[in-house]
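Participant: Please see the structure below; I have some questions.
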Amino acid sequence: MRVLSITAGAGDMYCGSCLRDNALAAELLRQGHDVTLLPVYTPTRTDEPNVSGRRVFLGGISVYLEQHVPPFRRTPAILDRLWDSAAALRLATGRGVSTDPKGLGELTVSMLRGEEGFQRKEIVKLVKHLEAQPPFDVVSLPNSLLLGLAPALKRQLGRPISCTLQGEDLFMEGLPEPYRSQAKGLVRRHAPAVDVFVAVSDYYAGFMRRYLDLPIEKIRVAPLGVGIDGLSPRPAPGRFTVGYLARVAPEKGLHLLAEAYRLLRSEGRLQGARLLCAGYLAPEHRAYLAGIEARMKEAGLTAEFEYRGTLDLPEKIAFLRELGLLSVPSPYAEPKGLYLLEALACGVPVVQPGHGAFPEILERTGGGLLFAPGDVRSLADAILALHDDRARAVEMGRRGAEGVARHFSVRLMAERVLEIWQGLGAARPC
């Protein structure tokens, strides 16, 4: 099958959607399919070999300039190449450009307007480039926020359009009004150009059907998968360590985990333990982390708390192997949970809120405990249960690793996505 997969870069951040798109493309290539992984906005950052193309379309600098400086909507393509280069985009995003939706309402709506928006020139360049390529069997968009591209791609390429659903509601909900309502309306307007929506979990398929009023007959599920080659189970660590591995942001819940840890320590529990966290820290969330550190200091726990920063793949694996358990107590109903699968693949049991994709992942793997979402006491009790029964924790870790291999491998993800695409009649006859 010949596949065009568009992936949306997130600057210098390890983005779960980018990691998923890259892992899927890499596995399809390994299986012998012809895959073009085309980045938009910025180059992608991945912790495994990056299989995306070098040229970035809809470059973030051009998109921004065309939104705010009208003359840039008419500059020639040869001039645009100056600020659309990977080097220029990396320089811009490496300085910590914010992706906070509160300031991106107008731009988001303009992009969703597609050929009617201020970035029409960028869409024309993209389509012109693709028309010069050998025909694709299917075109995959990374999320519904890029559905402004769907009508032009469908009309000019004449191929089935697939759109992944993998967490964009969090961004949409962060948009101020009237942009949030406008964005959702534009997604509904462009939905007829999409042949299938591929959700990354059962939970998210149902949620997005209601949230965006999508036709149920167009929604399929291809559960998230991870490469498990380097993520083998580890020996049980000596010092009991509670770990957090995700973006450091309120919607991921590090503050809840720190509060539960402080509660247990105030009760004289978890003697000799520690709380380690790692993950991308956006400029707008530095004060959030500083507040958590201040509260740990007030409790006399500075020596037991450490932030390790952003980790590459070897660092991530080493980090996970230090943990007695992992918890990312997200108040947001997370549709993916990539960090959860990575921890389980390393034999690390998890403690997660009972919402989003977490219940279905733990039901299939048996690798951890659920607690009442947002309930610090419930979270603390679940942590304590695994701390006080190490044999149970080890057994959960073992089952979790087996469950990921059985249900959530990248091979299975690729097979399911291919099955969905082939069901569209996307593959050309030999």
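The values are calculated or read from the model by the stated rules, or taken from the named source; none is laboratory data. Note that the coordinates shown come from a computational prediction; the quantities given were computed from them, not determined experimentally. Note that each Cβ is placed from the backbone with ideal geometry, even for glycine, and that neighbours are counted across all protein chains shown.
Participant: Would you pick out the residues in the range 348-372 that are assigned to a loop (DSSP other than H, G, I, E, B), touching a helix residue (DSSP H, G or I) at 6+ places or on another chain (Cβ under 6 Å) and more than 17 Å from Leu276 (Cβ to Cβ)?
Facilitator: Matches in the range 348-372: Gly356, Ala357, Gly366, Gly367, Ala372.
Participant: Continuing with this model, one more query. From the list Ala380, Ala372, which one is small (Gly, Ala, Ser) and buried (at least 22 other Cβ atoms within 10 Å of the Cβ)?
Facilitator: On inspection, the qualifying residue turns out to be Ala380.
Participant: Consider only pairs whose beta carbons are under 6 Å apart and that are at least six residues apart or on different chains; among these, list those whose first residue lies in the range 116-143 and is under 13 Å from Pro39 (Cα atoms) and whose second residue is of a type in the set (Phe, Trp, Tyr).
Facilitator: Leu126/Phe57
Participant: Being aliphatic (A, V, I, L, M), at pLDDT 95 or above and either surrounded by fewer than 21 Cβ atoms within 10 Å (Cβ to Cβ) or under 22 Å from the mean Cα position of the chain (by Cα) (or both) is the requirement here; does Val226 meet it?
Facilitator: No, not satisfied.
Participant: Same structure, new question: Do you know which of the residues in the range 278-331 that are of a type in the set (Phe, Trp, Tyr) and part of a helix (DSSP H, G or I) is surrounded by the fewest Cβ atoms within 10 Å (Cβ to Cβ)?
Facilitator: That would be Tyr288.
Participant: Please report, ordered by residue number, the strands (runs of 3 or more DSSP E) entirely within the range 140-235 with at least 3 residues that are of a type outside the set (Lys, Arg), under 23 Å from Phe408 (Cβ atoms) and touching a helix residue (DSSP H, G or I) at 6+ places or on another chain (Cβ under 9 Å).
Facilitator: Of the strands (runs of 3 or more DSSP E) lying wholly inside the range 140-235, those with at least 3 residues that are of a type outside the set (Lys, Arg), under 23 Å from Phe408 (Cβ atoms) and touching a helix residue (DSSP H, G or I) at 6+ places or on another chain (Cβ under 9 Å) span 161-165, 196-199.
Participant: So, one more: Considering every residue within the range 88-102, establish whether at least one is acidic (Asp, Glu), within 26 Å of the chain's Cα centre (by Cα), modelled with pLDDT of 90 or more and over 16 Å from Pro43 (Cβ atoms).
Facilitator: There is no residue in the range 88-102 that is acidic (Asp, Glu), within 26 Å of the chain's Cα centre (by Cα), modelled with pLDDT of 90 or more and over 16 Å from Pro43 (Cβ atoms).
Participant: Here is a further query. Looking for whichever is closer than 30 Å to Ile317 by Cβ, within 22 Å of the chain's Cα centre (by Cα) and touching a residue at least 12 places away in the same chain (Cβ under 8 Å) here; the options are Tyr211, Tyr203. Which one fits?
Facilitator: Residue meeting the stated conditions: Tyr203.
Participant: Determine if the range 46-61 includes at least one residue that is part of a helix (DSSP H, G or I), buried (at least 19 other Cβ atoms within 10 Å of the Cβ), modelled with pLDDT under 90 and in the same structural domain as Pro178 (by TED's automatic domain parsing).
Facilitator: Yes, some residue in the range 46-61 is part of a helix (DSSP H, G or I), buried (at least 19 other Cβ atoms within 10 Å of the Cβ), modelled with pLDDT under 90 and in the same structural domain as Pro178 (by TED's automatic domain parsing).
Results for (1) touching a residue at least 60 places away in the same chain (Cβ under 8 Å); (2) hydroxyl-bearing (Ser, Thr, Tyr); (3) in the same structural domain as Leu257 (by TED's automatic domain parsing); (4) closer than 26 Å to Pro250 by Cβ, shown as yes or no for each residue.
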position: Arg364; (1), (2), (3), (4): no, no, yes, no
position: Leu369; (1), (2), (3), (4): no, no, yes, yes
position: Gly374; (1), (2), (3), (4): yes, no, yes, yes
position: Ser378; (1), (2), (3), (4): no, yes, yes, yes
position: Ala382; (1), (2), (3), (4): no, no, yes, yes
position: Glu395; (1), (2), (3), (4): no, no, yes, no
position: Arg398; (1), (2), (3), (4): yes, no, yes, no
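Participant: Next up: (1) modelled with pLDDT of 95 or more; (2) surrounded by fewer than 21 Cβ atoms within 10 Å (Cβ to Cβ): which one isn't true of Leu153, the others all being true?
Facilitator: (2)
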